[in-house]
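Beneath this line is the structure, given in structure tokens, with notes to follow.
The values are calculated or read from the model by the stated rules, or taken from the named source; none is laboratory data. These figures come from a predicted structure and were not determined experimentally. Note that each Cβ is placed from the backbone with ideal geometry, even for glycine, and that neighbours are counted across all protein chains shown. The accessibility values were calculated without ligands, DNA or RNA, using every heavy atom of the protein model including side chains. Shrake-Rupley method; radii C 1.70, N 1.55, O 1.52, S 1.80 Å.
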Amino acid sequence: GQQVMQIPQYQHVQEGEDFTTYCNSSTTLSNIQWYKQRPGGHPVFLIQLVKSGEVKKQKRLTFQFGEAKKNSSLHITATQTTDVGTYFCAGRSGGSYIPTFGRGTSLIVHP
Amino acid sequence: DTEVTQTPKHLVMGMTNKKSLKCEQHMGHRAMYWYKQKAKKPPELMFVYSYEKLSINESVPSRFSPECPNSSLLNLHLHALQPEDSALYLCATAGGIPDTQYFGPGTRLTVL
């Protein structure tokens, strides 16, 4: 079955440092979504990428979808304490209409 | 803010109790989901309803029984649960941007 690997599992950064989390799929994806879950909260949709090589930005967040549509990354520039949380990718391959979640990357920002 | 609501926020139940979790959405979405999430883990899909019909059951034990009374409501009936069923139960809907899921705030369930 489809697998979506996400690394790292945890990342500690000092406030102001950059942060990146990576997702890799065992199969070509139709699309990939990114979600953020704050501690004690629920996953909140951030963005969806569909096209090969697509890059989207939301303020300090940059999302990329690989040319082969098998990998994706989320990069945060100059982290802030409000960025704390777990970031999940969720990818869907053509054979399923249910996205598969990566295990998530927990970001801890030290002031 | 969320347009998907879930009640109750917290639930503590014994192994012999019967309880229900409720989810309501007013987004007009036709797909509704139940997920189970353990601490430090991703959401784990349990059930999918599409147009009020159960379309996916991810081999969930029969002590969990879903119900979709109408396009806005989704219930999860619980009976004879085990302590290992303690988790955050999330409802989600999808319909706008394809595949994008909108999660409710969840019900934090503790089984004693």
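Please work out which one of (1) touching a residue at least 24 places away in the same chain (Cβ under 8 Å); (2) over 24 Å from A:Phe88 (Cα atoms) is the condition B:Pro61 fails and give its number.
Going through the list (1) touching a residue at least 24 places away in the same chain (Cβ under 8 Å); (2) over 24 Å from A:Phe88 (Cα atoms), B:Pro61 breaks only (1).
Can you name the residue in the range A:2-46 that is without any contact (Cβ under 8 Å) to a residue 12 or more places away in the chain and of a type outside the set (A, V, I, L, M, F, W, C) and, of all such residues, is most open to solvent (accessible area, probe 1.4 Å)?
A:Gly40
Restricting the search to the range B:5-21, which residues are of a type in the set (Ser, Thr, Tyr) and either open to solvent by 60 Å² or more (accessible area, probe 1.4 Å) or not in a strand (DSSP E or B) (or both)?
B:Thr5, B:Thr7, B:Thr16
Please go through the range B:51-66 and pick out each residue that is in contact with a Phe, Trp or Tyr (Cβ under 9 Å, 6 or more places away or on another chain) and assigned to a strand (DSSP E or B).
Across the range B:51-66, the qualifying residues are B:Leu54, B:Ser55, B:Ile56, B:Asn57, B:Phe64, B:Pro66.
Sort through B:Glu67, B:Glu24 and tell me the only one that's under 11 Å from the mean Cα position of the chain (by Cα), without any contact (Cβ under 8 Å) to a residue 12 or more places away in the chain and open to solvent by 50 Å² or more (accessible area, probe 1.4 Å).
B:Glu67
Given the options B:Tyr35, B:Tyr102, B:Tyr89, name the one that is at the interface with another protein chain (Cβ under 10 Å from one of its Cβ atoms) and at pLDDT 95 or above.
Of B:Tyr35, B:Tyr102, B:Tyr89, the one residue that is at the interface with another protein chain (Cβ under 10 Å from one of its Cβ atoms) and at pLDDT 95 or above is B:Tyr35.
Does B:Leu78 meet the test of being under 30 Å from A:Thr105 (Cβ atoms), open to solvent by less than 60 Å² (accessible area, probe 1.4 Å), more than 14 Å from chain A (Cβ to nearest Cβ) and modelled with pLDDT of 95 or more?
Spelling it out, it is not the case that B:Leu78 is under 30 Å from A:Thr105 (Cβ atoms), open to solvent by less than 60 Å² (accessible area, probe 1.4 Å), more than 14 Å from chain A (Cβ to nearest Cβ) and modelled with pLDDT of 95 or more.
Test of understanding: among B:Pro42, B:Pro66, which residue is away from chain A (no Cβ under 14 Å), modelled with pLDDT of 95 or more, within 20 Å of A:Ile98 (Cα to Cα) and out of contact with any Asp or Glu (no Cβ under 8 Å at 6 or more places or on another chain)?
Selected residue: B:Pro66, the only one of B:Pro42, B:Pro66 that is away from chain A (no Cβ under 14 Å), modelled with pLDDT of 95 or more, within 20 Å of A:Ile98 (Cα to Cα) and out of contact with any Asp or Glu (no Cβ under 8 Å at 6 or more places or on another chain).
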